[in-house]
Amino acid sequence: MYKVKVQNLTEFTITNVVVSIISYPDECLKLLEPPAEEKGNAEMRRYKRIPPNDFVTATFEFTPYKDCIKGEIQSSVHYYDVRNELHDVKVEAHPVKIVCDLLSPLKVGVLDFDAIITSWSRTGEEQKLDGWNPRDFFNTATSALTSKNFSVLSADSTLLGTEFFGAIKCLAKGVFTGKRVGLVVYVRGSPAGRISLVKVEAVSEDEAQVLPVFNEVMETFRHMPRITLVAQGDVVLGGKQTVDVKDSVMVRSPIQVGDRAKCQGCGHDITPDQKFCPNCGEKLA
């Protein structure tokens, strides 16, 4: 539903008010006829007058007939003032983008999924995401894909040597066309690291679905909330360290002064074999 509110802020009545739809993505949206009580047609609403400090709201109803929608709705308003002069006002364009909201989850076996997608249209890309532990990204992405109306068919992960590997396979179908669209997401990286290599592949039996779904999923991944470090430190000259503590537990490294080491918590002398400061109990690295 698309609405245009016309408010008369003048001291006089305006007349012959017409609200018109100029353009919309008609390749994927259908503009419905107005209710019987509305004056006008599918693309226009007409009002005889609007008194001072009053308003009218023109309502236009659209229905999609494709599973991916992208474009703009443009409209205009024209009216006559008290001097019978015509005014024409173009309304700011309203962007329309609907992709994953027009999908519904679809479940099949993983082997069936692997078989059916071999002949589908596809696109893919690998990106390096800084600040993401690969295991954390894998778990967060799995939940995010469910929220995008995909059925997660499998979410498998393993450690191979010193690297984490994960693979997510998902499937959905278009609400209107029934065309199927799938995703395969690969995640790898150091289990203790903060860099994830993520490869996303979108596949569909409808070529028109591939790129919009891929772009929306990549945008979702880029804006997922990240896990932040519990402490941050800036090392400065002179052997001092400034630390912004964001958690109650923190390991401090001893400060070395000549041949002696001192506790960073209280400055007490310590020996290299000590794990805790004998003066303040601070845990030492």
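Can you say whether VAL200 is under 19 Å from GLU219 (Cα atoms) and assigned by TED's automatic domain parsing to the domain that holds SER119, as far as the supplied structure shows?
Against the criterion (under 19 Å from GLU219 (Cα atoms) and assigned by TED's automatic domain parsing to the domain that holds SER119), VAL200 qualifies.
Report yes if some residue within the range 81-88 is assigned to a strand (DSSP E or B) and either among the β-branched types (Val, Ile, Thr) or under 14 Å from PHE12 (Cα atoms) (or both); otherwise report no.
The answer is no; no qualifying residue exists.
Just give me the residues in the range 173-218 being among the polar types (S, T, N, Q) and part of a loop (DSSP other than H, G, I, E, B), in sequence order.
Answer for the range 173-218, where residues must be among the polar types (S, T, N, Q) and part of a loop (DSSP other than H, G, I, E, B): THR177, SER190.
Would you be able to say whether some residue in the range 152-163 is polar (S, T, N, Q) and part of a helix (DSSP H, G or I)?
Within the range 152-163, not a single residue is polar (S, T, N, Q) and part of a helix (DSSP H, G or I).
Could you tell me which residue of the range 177-215 is modelled with the lowest pLDDT, considering only residues that are over 20 Å from SER151 (Cβ atoms) and of a type in the set (Val, Ile, Thr)?
The residue in question is ILE195.
Determine which member of the set LYS90, LYS30, LYS70 is more than 30 Å from LYS173 (Cα to Cα) and either in contact with an Asp or Glu (Cβ under 6 Å, 6 or more places away or on another chain) or of a type in the set (Lys, Arg) (or both).
LYS90
Of everything in the range 1-13 that's more than 30 Å from the chain's Cα centre (by Cα) and in a loop (DSSP other than H, G, I, E, B), which residue is surrounded by the most Cβ atoms within 10 Å (Cβ to Cβ)?
ASN8
What strands (runs of 3 or more DSSP E) lie completely within the range 14-78 and have 1 or more residues being within 30 Å of GLU205 (Cβ to Cβ) and at pLDDT below 90?
29-31, 62-64
Within the set of pairs 6 or more residues apart or between chains, which connect a residue that is farther than 13 Å from ALA202 by Cα inside the range 116-130 to a residue that is polar (S, T, N, Q) and surrounded by 15 or more Cβ atoms within 10 Å (Cβ to Cβ) with Cβ atoms less than 6 Å apart?
LEU129/SER196
Given the conditions (1) more than 18 Å from the chain's Cα centre (by Cα); (2) within 21 Å of ASP67 (Cα to Cα); (3) aliphatic (A, V, I, L, M), which single one is not true for VAL110?
(2)
The values are calculated or read from the model by the stated rules, or taken from the named source; none is laboratory data. As the structure is a computational prediction, the values presented were derived from the model and not from experiment. Neighbour counts run over all protein chains shown; Cβ positions are idealised from the backbone, glycine included.
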